[in-house]
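The values are calculated or read from the model by the stated rules, or taken from the named source; none is laboratory data. Given the structure is predicted, the values throughout are model-derived calculations rather than measurements. Don't worry about glycine lacking a Cβ; one is built from the backbone with ideal geometry, like all the others, and counts go over all protein chains shown.
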Amino acid sequence: MRDRTAGRPSGQPASSEPFWRTKSLEAMSPAEWESLCDGCGRCCLLKLEDEDTAEVYHTDVGCTLLDGHACRCRDYPRRQKRVPDCVRLTPEAVRTIPWLPPTCAYRLVRDGQDLYDWHPLVTGRAASVHEAGISVRGRVSGNEEEFTTDELLDRIVTWPGRTPDTEDPED
């Protein structure tokens, strides 16, 4: 559920829209860009790609730097040095990455949609993403160094690719 009036402080004129409704991804300041991340951690889960079909499967296994409780990178400034295949989100990358979660603010803005009502930019509280059950908190089985490649096949899950209204609590 998305509320088009959310994100507007009371008393603010109706014509003054939040930046994510009025700016393109390219026009955002670095602070605005970073604030779009809701801290769910879904993009930091390992993904497996079928070599024949190019279909991407999410696992419940985190990147080596993912803090599964905080749902944040343990070394965000140096993540690409420590994890060479870490994908840096840029406007260009957001336009081409097929596996961004459907709840991802970068994807939503890219597609001209509004943020969900639980997004921290809307609620003003970082914890709202966890309270809404969107984050990976409590759902990460471990970090990548704890599993072999064969074991990753047993860790495939579908919930990272779903919206809250389509999630199965058993998955």
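For the reader, a short list of remarks on this structure follows.
- Among the criteria (1) in contact (Cβ under 8 Å) with a residue 12 or more places away in the chain; (2) of a type outside the set (S, T, N, Q); (3) in a loop (DSSP other than H, G, I, E, B), the one Gly112 does not fulfil is (1).
- For the stretch 128-153, a tally of residues being part of a loop (DSSP other than H, G, I, E, B) and exposed (fewer than 12 other Cβ atoms within 10 Å of the Cβ) returns 2.
- Note on the stretch 24-50: residues that are of a type in the set (Asp, Glu), under 30 Å from Thr148 (Cβ atoms) and crowded, with 19+ Cβ neighbours inside 10 Å amount to 0.
This table checks each residue for (1) modelled with pLDDT of 95 or more; (2) under 17 Å from Trp33 (Cα atoms).
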{"position": "Thr64", "(1), (2)": "yes, no"}
{"position": "Arg88", "(1), (2)": "no, yes"}
{"position": "Arg110", "(1), (2)": "yes, yes"}
{"position": "Tyr116", "(1), (2)": "yes, yes"}
{"position": "Val140", "(1), (2)": "yes, no"}
{"position": "Leu152", "(1), (2)": "yes, no"}
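- Filter result (touching an Asp or Glu at 6+ places or on another chain (Cβ under 8 Å) and over 13 Å from Arg137 (Cα atoms)) within the stretch 36-72: Leu46, Glu49, Glu55, Val56, Tyr57, Cys63, Thr64, Leu65
- Residue that is part of a loop (DSSP other than H, G, I, E, B), in contact (Cβ under 8 Å) with a residue 40 or more places away in the chain and not aliphatic (A, V, I, L, M), where the choices are Pro160, Pro84, Pro98: Pro98
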